[in-house]
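Enquirer: Here's a structure for you.
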Amino acid sequence: MRKPLLAVILIAFILAILASVVRIQPPGTATLIRNEDSLVLRATPLFLRARGVACRAATIEGRPSFDQTLTGRTATMDEIRLRVRFTYSPPARLPSGWPGGDWCQSLQARVATAVERATAALTHAEVLADLRLAGDRAGAAIEAELRREGLSPSTVSVRTELPAGFARARTLPEVAQRARKMPPVLFLGLDGADWQLLDEFIANGTMPNLARIVTTGSSGVLETEHPPLSPLIWTTMMTGQGPLDHGILDFTRFNPQSHEKEPITSDERRVPAIWNMLTAGGKTVAVFGLWATYAAEPVHGINVSDRLFTFLSTDRRPSAAVVYPDSRQAWASHAVDVAEQRVDGARLREYLPALSDSEAAALGSKENPYSDPAAALRRILVETEIYRTLSLDLLSTSTPDVTILYIQGTDSIGHVFSPFAPPRQPSVSEADFNRYSAVPQKYFREIDHLLGEIMAIAEQRHAVVMLASDHGFYWREGRPAQISSTATATAAKWHRTKGIYALWGPGVPATPGHASRGGVRQVCATLLSLAGLPAATDGTPPLPGSPPANPTMDYDRFFQRASPPPVSRTGGSNAEEIAKLRALGYIGSGESSRSAVPTSDARTAGSYNNAGLLLRDLHRTDDALRAFEHALQIDPKYSSAMWNLSETLFLVGRDLDRSDALLVEALRNGMADATHLVAARTVAYRKSARDARPLALLDAAVAAAPGDAELRMFRGSTRMERHECDAALEDFQAAANAQPRDPLALASTGLAQLCMGREDAAQESFRRSLALDPNQPMIRSLLR
């Protein structure tokens, strides 16, 4: 028994020793062991262990093989993927400068470098002209590099894979031959930025980098166009053409397949944008987050559309076509995850010091972030961080001819927090003022830090920095006191007509202050001038401070509209984006999500309504009326179109009965400011000596909104002027009952009672009014 046991122990001991020094590998593989700069190949099924870091590679006919798909970029920053395959004899010693890591990792890194160099020698046109020849050229270049490193590769096989839409990013010789070499351009779009606020932050030291641009560069005021809505104006800025021409007329459209409302898409744009023009001219471009850019159009470079980050989304899997090229999808999605992690409780407490960790954690699950300023702040910071991360990451390794970074947060922060900004408004509680009033200044300090990062890159790369906003924003003087900054139909009333622009960098003259003036259509012309491309044929000049315009080119002649976006996976993302627009006040809660009439037209009621406003400004009255009528066919309860049609009919003196009926219907549907509009219409009728119309309009308005105290007061005063004292008293008493602490309603009640000879009742009403507001000399006189 003893001998067999000893034999078993001995065998086990021998096997343990063998296991520590002998390795077994499957057939068809080889092990490569790297020890600093030396390399050992083990291709037999059994081999002795050697010192170093080992990795395993597949073999073909006994030679290790390489088979990887790697990404390269052409001379015009067009990403292409190359599947590279070859067998090789590994060198015994690694060349100087060989990448770190085990052999397999280091070989992949070295081949990736060879791929980058090989593809950088190709142009978009060469790849498109002959895909196989381009692959063969790249393969020959890669093989030559590896041979110089001592690998002795077999013939390198390369299969070229192009992203969807690659052929559309075509350089056009007619444009490229007229392009000039110019410094790179870094464009920062700040939605809603306003010198009223920014100058204040420059003066108190909040924005030192912007101060440097203003004092050493050129800046001015940029006049917006009406209606000042972001998709319309940013598309105007990026195309140089107005909404009636470029076709982006609303925040939304009806999906051609589902007919459900969804955010506006790039295929609705009918004219070329600056990135199309740059691509046609062989220039490289990067676009981050601009309105109406989904599906992302092919460009020489990168196009990250406005659908990468969905404001209310819990689905972190972006749809196809959110980013061009699609090989950048994972890169962009990772930035979303990173931004979510960075905007944590500690980051939020920089803005809201009293916020607890549990409160901060709960903000991410809010169904509607705009229902809570803290939740809205978190989402604004996440969105800003995403596009900051992506743009700076790209600029750390490459410099496109033009980089366009759009920041929506500078407008969103206004819609949420401008009501809390100093000085405190009566409608804002002391607690809310103390909690939120400092948020805008802290956010713009963060924007200035981003601007500083961009300026540092610009100085390294000898680039020009350009800033612009689509409109201004009421932060101080002229800020609406009683109008919601997030309610539908009033959100845009917080927009000022005067936006900003600034230029800074090589060749930009120093013109301190904001003396220059321009319009939003000049932004595209300025970018063309800065990039060295021909000007557009519309003759719009670049903004003051930029280089003079080049000879013109008809870019429309070459333009292909964007491809329709892919069919949504679930439609959920669209629903969330629509919810965001409702929260911001750009879509009414009562607006229909489908057209009321069967149609293949993707345009919404809002699109036709906005078109009507533009047409009316051009004095194309009949076209404007048809546009408003079309809007009401699509959505019969669309109060904005009701008012616009009503007002247009009134202005031209047509069908006043219908004009008044539309105004009353808009009031019934809850349109903001409808009461004031009824009052203004009544005054206008009085001035035009239409005796019957004022009271008829007020009667209809009161019937539509019997609880509206302001309407009652206005009808009561109209009746008093007509000496209908008893009827006026009825209105004034109804107003006083609705607002018992309104001294004007009580005083008016007293005047009507005095008119009827009821002096005792009048004196009681006057006393009650004076108790609420003693500063009424006339009422005090009447009481005596």
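Enquirer: Please give the FRET efficiency for Ala515 paired with Arg476, using the beta carbon to beta carbon distance and R0 = 22 Å, rounded to the nearest 0.05.
Expert: For Ala515 and Arg476, the calculated efficiency is 0.55.
Enquirer: Right, here's the next one. Please work out the FRET efficiency for the pair Thr216 and Arg180, using the Cβ-Cβ distance as r and a Förster radius of 30 Å; give the result to the nearest 0.05. Don't skip to the answer; put the middle values down first.
Expert: Numbers: r = 25 Å, r/R0 = 0.83.
E(calc), rounded to 0.05, equals 0.75.
Enquirer: Could you compute how much accessible surface Glu149 exposes when probed at 1.4 Å, giving the result in Å² to the nearest 10?
Expert: Roll a 1.4 Å probe over it and Glu149 shows about 40 Å².
Enquirer: Kindly identify the stretch 666-745 as rounded, prolate or oblate by the Cα gyration tensor criterion: order the square roots of the eigenvalues as a ≥ b ≥ c, call it rounded if a/c is under 1.5, otherwise compare a/b with b/c, prolate if a/b is larger, else oblate.
Expert: It comes out oblate by the Cα gyration axes.
Enquirer: What does the extension gain come out to for Ala320 and Ser333, with contour length at 0.36 nm per residue minus their alpha carbon separation?
Expert: 3.5 nm
Enquirer: Where a ≥ b ≥ c are the square roots of the eigenvalues of the C-alpha gyration tensor, would you call the stretch 628-675 rounded, which needs a/c under 1.5, or, failing that, prolate if a/b is larger than b/c, or oblate?
Expert: Judged from the Cα gyration tensor, the stretch 628-675 comes out oblate (a/c at least 1.5, b/c at or above a/b).
Enquirer: Based on the Cβ-Cβ distance from Asn204 to Thr621, what FRET efficiency comes out when R0 is 41 Å, to the nearest 0.05? If you can, show how the numbers build up before the last one.
Expert: On the way: r = 48 Å, r/R0 = 1.18.
Efficiency, rounded to the nearest 0.05: 0.25.
Enquirer: Right, next: If the chain between Glu453 and Ser398 were fully stretched, how many nm would it gain, using 0.36 nm times the residue separation less the Cα-Cα distance? It would help to have the intermediate numbers written out before the result.
Expert: On the way: separation 55, 0.36 × 55 = 19.80 nm, distance 1.50 nm.
Using 0.36 nm per residue and subtracting the Cα-Cα distance, I get 18.3 nm.
Enquirer: In addition: Take each complete run of DSSP H in the chain, measure how far its Cα atoms stretch along the helix's own axis, and keep only those covering 30 Å or more with mean Kyte-Doolittle hydropathy at least -0.5; list them.
Expert: 373-395, 439-461
Enquirer: If I model a spin label as a point 7 Å beyond the Cα along the Cα-Cβ vector, how far apart are those points for Cys755 and Gln425 in nm?
Expert: 3.4
Enquirer: Next question. With the crude spin-label approximation of a point 7 Å out along Cα→Cβ, what separation in nm comes out for Val53 versus Ala120?
Expert: Roughly 2.5 nm, to one decimal.
Enquirer: Note down the magnitude of the dipole of the chain about its Cα centre, charges +1 on Lys and Arg C-beta and -1 on Asp and Glu C-beta and zero elsewhere, to the nearest 20 debye.
Expert: Roughly 2500 debye, rounded to the nearest 20.
Enquirer: State, to one decimal in nm, how far the label point of Glu446 lies from the label point of Lys493, with both points 7 Å from Cα in the Cβ direction.
Expert: Placing both labels 7 Å along Cα→Cβ, they lie 3.0 nm apart.
Enquirer: If I compute solvent accessible area with a 1.4 Å probe over the protein chains, what percent of it on the stretch 21-89 is carbon and sulfur?
Expert: With neighbouring chains kept in place, the figure for the stretch 21-89 is 52 percent.
Enquirer: Taking Lys283 as the anchor, which aspartates and glutamates have their alpha carbon closer than 18 Å to its alpha carbon, excluding any fewer than eight residues away along the same chain?
Expert: Asp78, Glu79, Glu126, Glu174, Glu297, Asp401, Asp554, Asp556
Enquirer: In terms of the Cα gyration tensor, with a ≥ b ≥ c the square roots of its eigenvalues, is the chain rounded because a/c is under 1.5, prolate because a/b exceeds b/c, or oblate? Numbers along the way, then the final one.
Expert: Details: a/c = 2.63, a/b = 2.08, b/c = 1.26.
It is prolate, given that a/c is not under 1.5 and a/b is the larger ratio.
Enquirer: Also, I was wondering about something else. Round to a whole number: what % of the accessible area of the stretch 327-369 belongs to carbon and sulfur, probe 1.4 Å? Working shown, then result.
Expert: Numbers: 1140 of 2230 Å².
Its accessible area is 51 percent carbon and sulfur atoms.
Enquirer: State the percentage of accessible surface on the stretch 96-160 attributable to carbon and sulfur atoms; use a 1.4 Å probe and exclude ligands, DNA and RNA.
Expert: 49
Enquirer: State in Å² the accessible area per residue of the chain; use a 1.4 Å probe, count heavy atoms of protein chains only, and round to the nearest integer.
Expert: With the other protein chains kept in place, the chain gives 42 Å² per residue.
Enquirer: Can you tell me how much longer the chain between Arg270 and Glu161 gets when fully stretched, taken as 0.36 nm per residue apart minus their C-alpha distance, in nm with one decimal?
Expert: Contour length minus the Cα-Cα distance gives 36.3 nm.
Enquirer: Further question on the same structure: Take each of the peptides 70-82, 614-626, average the number of other beta-carbon atoms within 10 Å over its residues, and list them starting from the highest.
Expert: Per-residue mean Cβ counts within 10 Å order the peptides as 70-82, 614-626.
Enquirer: Taking 8 Å as the Cα distance limit and 6 or more residues as the minimum spacing, I'd like the relative contact order of the chain as a percentage. Walk me through the numbers before you get to the answer.
Expert: On the way: 1453 pairs, mean separation 103.5, N = 784.
The normalised contact order for the chain reaches 13 percent.
Enquirer: With every protein chain in place, what's the accessible area of Arg85 (1.4 Å probe, Å², nearest 10)?
Expert: The accessible area of Arg85 comes to roughly 90 Å².
Enquirer: Cysteines without a disulfide-compatible partner in the chain, using Cβ under 4.7 Å as the rule?
Expert: Here Cys524 come out as lacking a disulfide-compatible partner, given the Cβ-Cβ threshold of under 4.7 Å.
Enquirer: Let me ask you something else. At a probe radius of 1.4 Å, what is the per-residue accessible area of Phe254, in Å² to the nearest 10?
Expert: Around 10 Å² of this residue is reachable by solvent.
Enquirer: In addition: Ranked from the most accessible area to the least, with a 1.4 Å probe and all protein chains present, what is the order of Asp191, Asp136?
Expert: The residues order as Asp136, Asp191, largest area first.
The values are calculated or read from the model by the stated rules, or taken from the named source; none is laboratory data. Since this is a predicted model, take the numbers as computed values, not measurements. Note that we place each Cβ from the backbone using ideal geometry, even for glycine, and neighbour counts take in every protein chain shown. What goes into the accessible areas is simple: the full protein's heavy atoms, side chains included, and nothing from ligands, DNA or RNA. Shrake-Rupley method; radii C 1.70, N 1.55, O 1.52, S 1.80 Å.
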